[in-house]
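Bear in mind that the values in this text are calculations on the coordinates, not laboratory data. None of the values given here were measured: they were computed from a predicted structure. All Cβ positions, glycine included, derive from the backbone under ideal geometry; neighbour counts span all protein chains shown.
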Amino acid sequence: MSDVTTFSATVSATTRNGILVVTIDNPPVNATSADVRLGLSRALAHAEAEGAISGVIINGAGKTFIGGADIKEFGKPPVEPTLPDVIERIEALSKPVVAALNGAALGGGLELALACHYRIASPTALLGLPEVKLGIVPGAGGTQRLPRLIGIPAAIELIASGRITKAGEALSLGIIDEIAGTDLIDAAINAVQKLAGKPFRRTGELAIASADPAEIDKVSGKLLTKARGQKAPTEAVRLIASSHRPLAEGLADERATFLTLRDSREAAALQHVFFAEREAPKVAGLEGVDPRPIDTIGICGLGLMGSGIAAAALGAGYTVIGLDQTLEAAGKGRERIIGLLERNLASGRLDQPDFDAQTARLSVTATDVDLTPCDLVIEAVFDDLDIKIDLFRRLDKVIRPDAILATNTSYLNPDEIASASKHPERVVGLHFFSPAHVMRLLEVVRCKETAPDVLTTGLAVAKRLRKLPVVTGVTEGFIGNRIFSAYRREAEFLLEDGALPHEIDAALEDYGFPMGLFAVYDMAGLEIAWARRKRQAATREPSERYVEIADRLCEAGRLGQKSGRGWYAYADGKRTVDPQVTAIIEAERTKKGVVVRSFSQAEIQKRLLDAMTAEGEALLAEGIAARASDIDLVMINGYGFPAHKGGPMFAKN
Ligand code: 3HC
């Protein structure tokens, strides 16, 4: 071991056995910022010049190898050396360079590793080129070197999806050469010693395995359909598919494409989403407020929602106690939860030991007092105020004074539910989206009395559940359903004014929604909303515009896909435009004396977007949402708004 040599503020090295062990220390994620690139190029020059140095190891300080290029530098004037310069220098070095991947090697981080002469990873390392998720393509050789290592179809699958792989899969694909069994740096030193003095493999010089064009089409076709017209995946496929040309030519094309995309609207939108996700859990005034420790979660009501929450909680390592009204209902709930875990087992997301461990952490009961060990109890019972109030009163008597009570209500007022507890300060809303074990969004509702550490606990639980938490104040429908109501109302106005359901749906799909609004209604079923409208009828403001078309449909027994017809017909299960629906719409227009006009796709898109943003502005003005970017996250993750448009609040600018 020798003294530390400093190459820049973020790059230093020690020498072990004549090998320069270079460490990048650029918190939080060792991004390849200008100072890192400078330090690395100096370290490489030093290694080349010093006769006593036989090879180089590059690793990262902390739990990340390199999280990628520094996204915060995008849009700023370029500073040399660029990442491609450093990477070219690594590949060309006359001495072996080994990448020791101590943690995530993503984007530019993996590209740097791909140019090293050997890659060794710790068993927990994660690897990937997720640039398309930021609206760009890899810009430092990823589209050219990865196919040289793993072939064109596998490279397309990884890069055009942005999927992250674990070390085991990376080894079997051929992205890395070894997984370190013991100490990573010791193993990397061994690797350098084996390579030193011998001709070693330079990725850029490898020939690309020939690939069946049909296979390339199959892999890329699937991904591009899913990408719904986004530019970056299309460009990534093009670059990878043409990577058999000379390396320099491919690299130049890749860099030019990267730079063009980097300045695009799509990239700005996706980068907005990236930073919005990291901003969302930060709540002003709660800095330094520690969450309460949570190990055991009680879940009341083991229907679809409760079971999904239970499956997510078991997956995150919590002990779960499920409560239902009778032992029979609790038993059925248990079966439902186990069924969800079995699906994970069958799909390979869960292995047998994990499955066994998760089922061992689950118990169910019909007796309130069995919830005594819980640190947090989440109610997911029928959305009825009296039922929830009764439950909270009962729970108050059995849970510990420091335990937290959460309500999963969608439309009721959680302040009223909280007032049923003698300690409303321990109540928070956790509004999961269905299916709760799949959907990432979690609205964390800050009630009038919620204590600061109860709110931070809600956020910490969301993080451990791998959910995306967005804090919302109390209002009917919280952030998501309030905006959704405004958007739905506007879509119904459009219907009455002259657009047909399939025209509105086509405009939404053209914008990037995975499915149009009326098709979604049909899938979900129209009954629940119909029942709500009937309940609200007595209190509805008579001067308010109200469109009755949906009521007429329901009265005609058109309750959605399950009933065989709704906004569309489903003869043979296929969705088709139904002249009977058009007739109902036309009759309503005539009844109201509407002067019908036609709408272009752009007009439909604008009217719906304007409705969403106007409601978003209202939520900001009322202090229900803290930031416009939180609203964007809710609509993207809960309601199908295309991420590459950045969310309604971003898109309006
Ligand atoms: N550049 C700048 N800042 C970054 C960053 C990056 N590439 N990646 C993460 N950060 C910041 C985050 O904004 C966050 O900042 P904050 O503390 O101020 O909120 C902080 O680092 C920590 O990030 P996370 O909360 O995400 O930390 P985790 O530990 O949960 O995850 C990670 C770490 C897996 C590395 C995750 O941050 C991640 O996925 N990062 C992005 C990976 C990526 O997309 N890389 C490609 C970049 S583009 C590129 O490389 C272009 C190249 O081809 C030329």
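Quick look at the values:
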| read-out | value |
| --- | --- |
| Mean separation of Cα contacts under 8 Å, 6 or more apart, over the residue count of the chain: relative contact order % | 9 |
| Anchor residue 422: lysines whose Cα lies under 20 Å away (excluding residues fewer than 8 positions away in-chain) | 388, 397, 448 |
| Pairs beyond 24 Å (Cα-Cα), from 72/222; 133/222; 467/574; 72/282; 95/133 | 72/222; 467/574; 95/133 |
| Packing-based order for 47-53, 592-598, 444-450, 5-11, using average beta carbon neighbours within 10 Å, highest first | 444-450, 5-11, 47-53, 592-598 |
| Beta bridges by DSSP in the chain, antiparallel share as percent, to the nearest 5 | 30 |
| Distant-in-sequence amide H partners of residue 430 (H built 1.01 Å from N, under 5 Å) | 407, 408, 409, 445 |
| Normalised per residue, the volume of the convex hull around the Cα set of the chain (Å³) | 183 |
| Cα centroid separation - region 191-244 against region 556-610, whole Å | 45 |
| Highest to lowest packing among 565-575, 341-351, scored as the average C-beta count within 10 Å | 565-575, 341-351 |
| Residues whose placed amide H lies under 5 Å from that of residue 471, excluding near-sequence neighbours | 444 |
| Residue 300 long-range amide H proximity, modeled H, under 5 Å | 323, 378, 379, 380 |
| Whole-angstrom gap from region 267-334 to region 1-72, using each part's C-alpha centre | 40 |
| Cβ crowding within 10 Å averaged over residues, with 375-385, 28-38 ranked highest first | 28-38, 375-385 |
